[in-house]
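J.: Starting off with a structure, shown below.
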Amino acid sequence: MKDGFIRVAAATPEIQVADCRYNREQIEKMMEEAWNQEAGMVVFPELCLTGYTCGDLFLQELLLKKCVEELGVLLKASEGKDMLTVVGMPLEVNGKLYNTAVVFKDGNILGVVPKTFIPNYSEFYEARHFERGPKKPVRIHLAGQETWFGTQLLFQCTSVPGLVVGGEICEDLWAPNPPSISHALAGATVMFNVSASDEITGKDAYRKELVNSQSARLICGYIYAGAGEGESTTDLVFPGHNLICENGTCLAESKRFETGIVYGDLDLGRLNSERRRMTTFIQNEDRDYVWVPFELEMKDIELRRFIDPNPFVPSGEQDRQKRCEEILSIQAMGLKKRLAHTHCQTAVVGISGGLDSTLALLVTVRAFDMLGLDRKQIMAVTMPCFGTTDRTYNNACQLVNELGAKLMEVNIREAVSLHFRDIGQDMDNHDVTFENGQARERTQVLMDLANQRGGMVIGTGDLSELALGWATYNGDHMSMYGVNASVPKTLVRHLVRYYADTCESENLREVLLDILDTPVSPELIPPKEGEISQKTEDLVGPYELHDFFLYHMMRFACPPAKIYRLAKMAFKGRYEDEVILKWLKNFYHRFFIQQFKRSCVPDGPKVGSVALSPRGDWRMPSDASARIWKEELEAIGDGVCGSK
């Protein structure tokens, strides 16, 4: 419950058709199990107190009476359980029969949601027994209590921010205008569906896609509980297919043809963040809706949700390869358009032998191939200086030659040394001036070469460097088009690896693999015994951590405490808590003070959902205060220290 999470459950009990007592006993057992598993909400299938396949038995007064009696027993069993429960049952109201979902907690009925769309085609003949439920809620009496009855009911948790529950029943989701749409627009963030969807070949895939897609369209959590074993097999078989989805992602899915419970930890904070961000998600105030309050105790449960340590990189090899090809195409198409629009026949790329410049050159080559331009019109410039090692220099040269671009070497040692003499910079003082002087000299060389040849300087800096401000202002920070501007460092590595795995040249593959194996470094400090002495991740922290922080802060506006909690789960066994906290503090500090660099970055194509372009995704004042974020981080630090 803490940090906006709630554990929900979808349960399929084994039932006996028309045996309300037996069915209640099975439901009660599963309620107890869900409660023991710290679920805050559990949903059972359609008409599960009687069974969906009762047929004309639904018209028998005794069955309806016993059903209400067993509901009373369930209400008693729910006392003392801090858990919202939803159970499907038939209910007579004013002489008409309705297919309903009863919502209750701690012995109290919060409301009864009737089915809106009554199927009467193919194997379904519900209109023989059931009426369409009213939209506008009315007061009814049930199991000795007065409660609400109607479609437009929302159940709002007053103790858990962002938890508003709406419901629909089976066919409602299949209709062109499901009730869940109006529920979401009225404010519901979590939907339940009590269902009895029979199984035929291929229906499971369609059902899953439907539930998943609805959760994406409505930016909500969706709990789907399906009827299963025990229903009459006279004509139909029911699979007990349970699904828990969140904004287009399936968190949990049951194995079909088995009874049991599946659990999912919904992230309400993520859902609400998405709704705030998407201005086309326009909520309305429908005055016919009745909001029913309830409370849940705020708990600090151990999350069972998978937290991906590399959120920018697909985990499956096939998906990863598809994504890499797609991103390379987006980058190249952006550059292709810019080159064509400016009638530019020459591209100038600074090549260091590192990952970023390698990716920029690979993208440039692809763009030139698309335009039908000779690769020799790509000028790849290596500019060795004080920190350049033989390994990176040789890799840079070999890479250019293998790709068929034109290699040019401009040794900037003399120019930088002269500049340092002019400004009185001690050559033995390896401070920020020593480093940035080299970076700015390289940019000057590239810009002037581009001017000489009517060309365009292609930027190499990536999204992670932009987030941390790890770039020399008006040095490598500047270009005429930044092809890597929205590609995070963790993804750069996979893009280069993909190129290595798919290229036809064995020599090119070997040099790309060696570049991948080279430590990330700006190489601005003299090497030690021929080896790189300045390693970026030793200075600013591991990029996999920073990319994780960036993703959750930018994509879902997570506060520092939540990011810290997620990072501890994602990187458990790889980084100590203190290390994660150290670099998280560093991330926020750098992110806020370096905004001025992001406010004037060159154009570059957006490739993913997280980007920092001041013209597109991220508009932030350069002088914004980080105080409240830092205070939350300090409070976390006090807790970590106090627990030792």
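J.: For A252, indicate whether it is of a type in the set (A, V, I, L, M, F, W, C) and over 22 Å from the mean Cα position of the chain (by Cα).
T.: no
J.: Residue by residue through the stretch 398-416, note down the ones that are closer than 13 Å to M379 by Cβ and either among the polar types (S, T, N, Q) or out of contact with any helix residue (DSSP H, G or I) (no Cβ under 6 Å at 6 or more places or on another chain) (or both).
T.: V400, M408, E409
J.: Can you pull out every residue in the stretch 100-128 that is without any contact (Cβ under 8 Å) to a residue 12 or more places away in the chain and surrounded by 24 or more Cβ atoms within 10 Å (Cβ to Cβ)?
T.: Correct list: empty.
J.: So in the stretch 522-555, with the set limited to residues that are part of a loop (DSSP other than H, G, I, E, B) and in contact with a helix residue (DSSP H, G or I) (Cβ under 6 Å, 6 or more places away or on another chain), which one is nearest to L633 (Cα to Cα)?
T.: Out of the qualifying residues, it is G541.
J.: Identify all residues within the stretch 282-307 that are open to solvent by less than 40 Å² (accessible area, probe 1.4 Å), hydrophobic (A, V, I, L, M, F, W, C) and more than 16 Å from E246 (Cα to Cα); write none if there are none.
T.: Selection gives V290, V292, F294, L296, I301.
J.: Condition first: out of contact with any Ser or Thr (no Cβ under 7 Å at 6 or more places or on another chain) and not basic (K, R). Now tell me which residues in the stretch 255-271 satisfy that.
T.: F257, E258, I261, Y263, G264, D265, L266, D267, G269
Per-residue answers, yes or no, for (1) of a type in the set (A, V, I, L, M); (2) crowded, with 22+ Cβ neighbours inside 10 Å; (3) at pLDDT 95 or above; (4) out of contact with any Phe, Trp or Tyr (no Cβ under 9 Å at 6 or more places or on another chain):
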site	(1), (2), (3), (4)
Y473	no, no, yes, no
H477	no, yes, yes, yes
M480	yes, no, yes, yes
L495	yes, yes, yes, yes
Y498	no, no, yes, yes
E510	no, no, yes, yes
I532	yes, no, no, yes
L545	yes, yes, yes, no
F549	no, yes, yes, no
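J.: Take residues that are open to solvent by 20 Å² or more (accessible area, probe 1.4 Å) and out of contact with any helix residue (DSSP H, G or I) (no Cβ under 8 Å at 6 or more places or on another chain) and tell me which of the helices (runs of 4 or more DSSP H) falling wholly in the stretch 572-644 contain 3 or more.
T.: 577-593, 627-642
J.: Restrict the check to the stretch 199-218 and report whether at least one residue is closer than 24 Å to D82 by Cα and open to solvent by less than 30 Å² (accessible area, probe 1.4 Å).
T.: no
J.: Looking only at the stretch 513-539, which residues are of a type in the set (D, E) and touching a residue at least 24 places away in the same chain (Cβ under 8 Å)?
T.: Within the stretch 513-539, D514, E523, E531 meet the criteria.
J.: For the stretch 358-378, which positions are surrounded by 23 or more Cβ atoms within 10 Å (Cβ to Cβ) and in contact with a Lys or Arg (Cβ under 6 Å, 6 or more places away or on another chain)?
T.: Answer for the stretch 358-378, where residues must be surrounded by 23 or more Cβ atoms within 10 Å (Cβ to Cβ) and in contact with a Lys or Arg (Cβ under 6 Å, 6 or more places away or on another chain): A367, F368.
The values are calculated or read from the model by the stated rules, or taken from the named source; none is laboratory data. The model shown is predicted, which means the values in this text are computed figures rather than measured ones. Counting neighbours? That spans all protein chains shown, and the Cβs are built from the backbone with ideal geometry, glycine included. Note: areas computed on protein heavy atoms with side chains; ligands, DNA, RNA excluded. Shrake-Rupley method; radii C 1.70, N 1.55, O 1.52, S 1.80 Å.
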